[in-house]
Protein chains: 2
Amino acid sequence: MTHPYEEYPLHPIGHIRSPLRTLDEAPRQGSEGAPDAWLEVDPSFARGLSRIRTGDAVIVVTWLHRANRDLLEVHPRGDPETPLTGVFATRSPHRPNPLGLHRVTVREISGARLRIGPIEAIDGTPVVDIKAVLGDCGDA
Amino acid sequence: MTHPYEEYPLHPIGHIRSPLRTLDEAPRQGSEGAPDAWLEVDPSFARGLSRIRTGDAVIVVTWLHRANRDLLEVHPRGDPETPLTGVFATRSPHRPNPLGLHRVTVREISGARLRIGPIEAIDGTPVVDIKAVLGDCGDA
């Protein structure tokens with residue numbers, strides 16, 4: 001059903017510039033003490049930011065380039081005491097297509113750069129999409 | 001900053017099987033009267049589903065294969081009366097990397113098939129990820 005040759009190319013629209021330099025420094029979720037970061041959007045995509053305003057809540061979608069795409073089960077939160085769990089039942093970065101979802105607030109806008117946070121993604125993480133939050137809960 | 005050759009390959013983990021056959025039939029959001037559908041996960045990824053249970057809320061990430069990747073501004077909800085808005089400030093399917101986020105409930109599990117809903121994705125839509133919802137709001 002899924003053909004081995006079926007493949008869709010993601011092209012980053014920008015990158016995260018963060019004081020977090022290593023995975024060891026990064027909290028597991030943005031809500032767990034993560035810092036703010038700059039999202040530097042490539043100038044060729046800058047028009048896609050029009051009407052984003054300071055204070056908006058947005059969903060940033062990253063490509064977790066340091067993840068392991070071959071893992072299908074993990075111990076949640078890296079705790080060996082927790083039972084092995086399918087990656088699709090978790091928020092582990094390790095999964096066949098390592099996409100990260102980050103609900104953040106836009107703190108500042110400077111040209112094609114957005115200061116956003118809190119976000120646990122490390123410096124250099126590719127960003128592949130930004131989406132409006134729908135409703136109170138972001139419904140995603 | 002974004003190198004033209006920087007590219008990450010997405011491989012579908014499964015596909016949507018839905019009574020919605022055309023974009024014209026599909027509501028704009030799952031919450032706008034969308035039906036349930038089957039998510040058929042490729043058997044090679046079935047282990048990634050372990051510990052998903054009927055009744056769970058999950059986020060399904062799709063590749064909106066019928067979208068236009070060249071659009072950077074749209075009239076939200078296709079209404080020509082609304083001002084042109086950057087796609088990153090909207091939930092338009094048209095965007096450089098046309099990923100769809102769908103918060104759904106797992107209605108039924110049958111092997112590597114999950115009955116989920118409500119979901120506005122049309123029949124044949126590739127699925128690239130499934131994630132647990134964190135907290136009351138899914139925080140994504």
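Being surrounded by fewer than 14 Cβ atoms within 10 Å (Cβ to Cβ) and not in a loop (DSSP other than H, G, I, E, B) is the filter here; which residues of the range B:67-89 pass it?
B:Arg77, B:Gly78 - these are the residues of the range B:67-89 that are surrounded by fewer than 14 Cβ atoms within 10 Å (Cβ to Cβ) and not in a loop (DSSP other than H, G, I, E, B).
Let me confirm something: among B:Val60, B:Val41, which residue is within 27 Å of A:Glu6 (Cα to Cα), in contact with a Phe, Trp or Tyr (Cβ under 9 Å, 6 or more places away or on another chain) and in contact (Cβ under 8 Å) with a residue 40 or more places away in the chain? Working first, answer last.
On the way: B:Val60 fails: in contact with a Phe, Trp or Tyr (Cβ under 9 Å, 6 or more places away or on another chain).
From the options B:Val60, B:Val41, the qualifying one is B:Val41.
Among A:Arg47, A:Arg53, which is the only one that is more than 30 Å from B:Ile16 (Cβ to Cβ), open to solvent by 80 Å² or more (accessible area, probe 1.4 Å) and more than 8 Å from every other protein chain (Cβ to nearest Cβ)?
Working: A:Arg47 fails: more than 8 Å from every other protein chain (Cβ to nearest Cβ).
The unique qualifying residue is A:Arg53.
Looking only at the range A:82-89, decide whether some residue is modelled with pLDDT under 95, more than 7 Å from every other protein chain (Cβ to nearest Cβ), over 19 Å from the mean Cα position of the chain (by Cα) and under 24 Å from B:Ile59 (Cα atoms).
yes
Which condition number does B:Val61 fail, the rest of (1) under 22 Å from A:Pro83 (Cβ atoms); (2) buried (at least 16 other Cβ atoms within 10 Å of the Cβ); (3) facing chain A (nearest Cβ under 7 Å) being met?
Among (1) under 22 Å from A:Pro83 (Cβ atoms); (2) buried (at least 16 other Cβ atoms within 10 Å of the Cβ); (3) facing chain A (nearest Cβ under 7 Å), the lone unmet condition for B:Val61 is (1).
So, of the residues in the range B:90-104 that are more than 8 Å from chain A (Cβ to nearest Cβ) and either under 18 Å from B:Glu25 (Cα atoms) or surrounded by fewer than 16 Cβ atoms within 10 Å (Cβ to Cβ) (or both), which turns out to be nearest to the chain's Cα centre (by Cα)? Show your work before the answer.
Taking the range B:90-104 as the starting set, the residues that turn out to be more than 8 Å from chain A (Cβ to nearest Cβ) are B:92-94, B:98, B:100, B:104.
Going one step further and asking which of them are either under 18 Å from B:Glu25 (Cα atoms) or surrounded by fewer than 16 Cβ atoms within 10 Å (Cβ to Cβ) (or both), we end up with B:92-94, B:100.
Values: B:Ser92: 12, B:Pro93: 10, B:His94: 13, B:Gly100: 4 Å.
If we take residues in the range B:90-104 being more than 8 Å from chain A (Cβ to nearest Cβ) and either under 18 Å from B:Glu25 (Cα atoms) or surrounded by fewer than 16 Cβ atoms within 10 Å (Cβ to Cβ) (or both), then B:Gly100 is nearest to the chain's Cα centre (by Cα).
Within the range A:63-80, track down each residue that is without any contact (Cβ under 8 Å) to a residue 40 or more places away in the chain and in contact with a Pro (Cβ under 7 Å, 6 or more places away or on another chain).
Selection gives A:Ala67, A:Arg69.
Would you pick out the residues in the range B:107-126 that are more than 18 Å from B:Arg28 (Cα to Cα) and crowded, with 21+ Cβ neighbours inside 10 Å?
First pass over the range B:107-126, keeping only residues more than 18 Å from B:Arg28 (Cα to Cα): B:107-115.
Hit for the range B:107-126 is B:Leu114, nothing else.
What are the residues in the range B:66-81 that are more than 7 Å from chain A (Cβ to nearest Cβ) and touching a strand residue (DSSP E or B) at 6+ places or on another chain (Cβ under 9 Å), if any?
B:Ala67, B:Val74, B:His75, B:Pro76
Considering only the range B:28-40, state which residues are under 14 Å from the mean Cα position of the chain (by Cα) and within 13 Å of chain A (Cβ to nearest Cβ).
Quick first cut of the range B:28-40, residues under 14 Å from the mean Cα position of the chain (by Cα) only: B:28-31, B:34-40.
If the condition is that a residue be under 14 Å from the mean Cα position of the chain (by Cα) and within 13 Å of chain A (Cβ to nearest Cβ), then B:Arg28, B:Gln29, B:Gly30, B:Ser31, B:Ala34, B:Trp38, B:Leu39, B:Glu40 are the ones that fit.
Quick check: is even one residue across the range B:13-35 surrounded by 15 or more Cβ atoms within 10 Å (Cβ to Cβ), more than 30 Å from B:Asp79 (Cα to Cα) and either at pLDDT below 95 or of a type in the set (Ser, Thr, Tyr) (or both)?
No, the range B:13-35 has no match at all.
The values are calculated or read from the model by the stated rules, or taken from the named source; none is laboratory data. Worth saying up front: this structure is predicted, and the values here are computed from it rather than measured. Glycine also receives a Cβ, built like all others from the backbone with ideal geometry; neighbour counts cover every protein chain displayed. Protein only, heavy atoms only, side chains kept; ligands, DNA and RNA dropped before computing areas. Shrake-Rupley method; radii C 1.70, N 1.55, O 1.52, S 1.80 Å.
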